[in-house]
Amino acid sequence: MISRDSLEQDVPALKLEAIDWATRISFGGIDEAERGAFEAWRTLSPAHEAAFGAALAFVRQLGSMPIDAAAVTDGPDKVVPIDRARAPRIGRRTFLGGGAVAASIAAGVIAARSPLSLWPSLSEWMADERTPAGARRTLTPMAGVQVEMNSRTSLSRIEKGVRLVSGEVFVAAAGATRFTVEAGDAVATAAAARFDVRNYDGNPCITCIEGAVSASIRGSSAQLHTGEALALRDGRVTRMRLAGSVATAWRRGLLIFDQTPLATAVAEINQYYPGRIVLRSTADGRPVTGIFHVDQIETAVVQIQALQGMSATRLPGGVVLLG
């Protein structure tokens, strides 16, 4: 079972406490003594009341479990639909069916990563901003900075920057203050630059589109200039050339692969696929080269299957096993 200690690094303690109370009340129930403790906790401050309200909404979402759901706030921020296809839903019975997950719920702790990543992790659910599959969103976190979120992207706001929990963002910074993007083991900082940061399956990549970006991954630092990238590949930090038109093709509704490792290509396709593509443990295909439209992502899967000579097993919930 996932421990609370393993989650505190990414999720504030108050949010964890609120989820604890919300899950116990919703799924297990509380006795009179616990109800008194809950009411005392809830009235400690307006922040506690607000945190519980958000946690209760979160737990209710888990009950019906739409894996493409996202909390999109009203306001000037822009949501751009890419693909109208909706992801399949997972009901409460399915969600609570696994013993490990049921035990986590009973203890008031949500698993940090779902099996096959069929629903968002706790860190993704608790992020300040999220986009569902097939949508983009533009934010203005501070003066002179615009952040465009790709499909299935989660981020939280930090001082003078954002923390990219998962997914991909494009940043256009034109201010005097340096703006920072944290993404797992990666950090990108720039004052006047345009750059892309992705974090798929724990393999971050920072690409400088224009200007200069200070980049660091696992302690390896580099000053990136136009057309340069720093990426974690196969456990190694690599500096390479990467055209901005390729790195940001997703903003035009395209995926461009040029001798891209199969696992990397599949991880990127999964950002748009209404379900989950899983490579079998024995799958070791050739690098992928091609241009695919994200609004026809099912076609990309069929093409890769044919090019790689792989069989495909389709399971309930939109899961496809390739191998």
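The values are calculated or read from the model by the stated rules, or taken from the named source; none is laboratory data. Since the structure is predicted, the reported quantities are computational estimates derived from the model, not experimental observations. Here the Cβ positions follow ideal geometry from the backbone for every residue, glycine too, while neighbour counts run over all protein chains shown. We work out accessible area using only protein heavy atoms, side chains counted, and drop any ligands, DNA or RNA first. Shrake-Rupley method; radii C 1.70, N 1.55, O 1.52, S 1.80 Å.
Return the long-range amide H neighbours of Ala133 (sequence gap of 5 or more, or a different chain), with a cut-off of under 5 Å between placed amide H atoms.
Arg152
Kindly provide the Kirkwood hydrodynamic radius of region 115-236 in Å, to one decimal, from all pairs of distinct alpha carbon atoms.
14.3
Please give the peptides 193-201, 209-217, 300-308 ranked by average Cβ packing (other Cβ atoms within 10 Å per residue), highest first, as a rough proxy for protection.
193-201, 209-217, 300-308
How would you rank 135-145, 233-243, highest first, on the average number of other Cβ atoms within 10 Å across their residues?
135-145, 233-243
How large are Rg and Dmax for region 270-323 when calculated on the C-alpha trace, in angstrom?
Just the Cα atoms of region 270-323 yield Rg and Dmax of 10.8, 29 Å.
Grab every C-alpha pair in region 184-323, bin the distances at 5 angstrom width from 0 up to the longest one, and report whole percents.
Calculated P(r), rounded to whole percents: 2, 10, 19, 21, 18, 14, 9, 6, 2, 0.
For region 231-288, what is the accessible area per residue in Å², given a 1.4 Å probe and the full set of protein chains?
50
Once each part is reduced to its C-alpha centroid, what is the distance from region 230-278 to region 287-303 in angstrom?
Result: 12 Å between the Cα centres.
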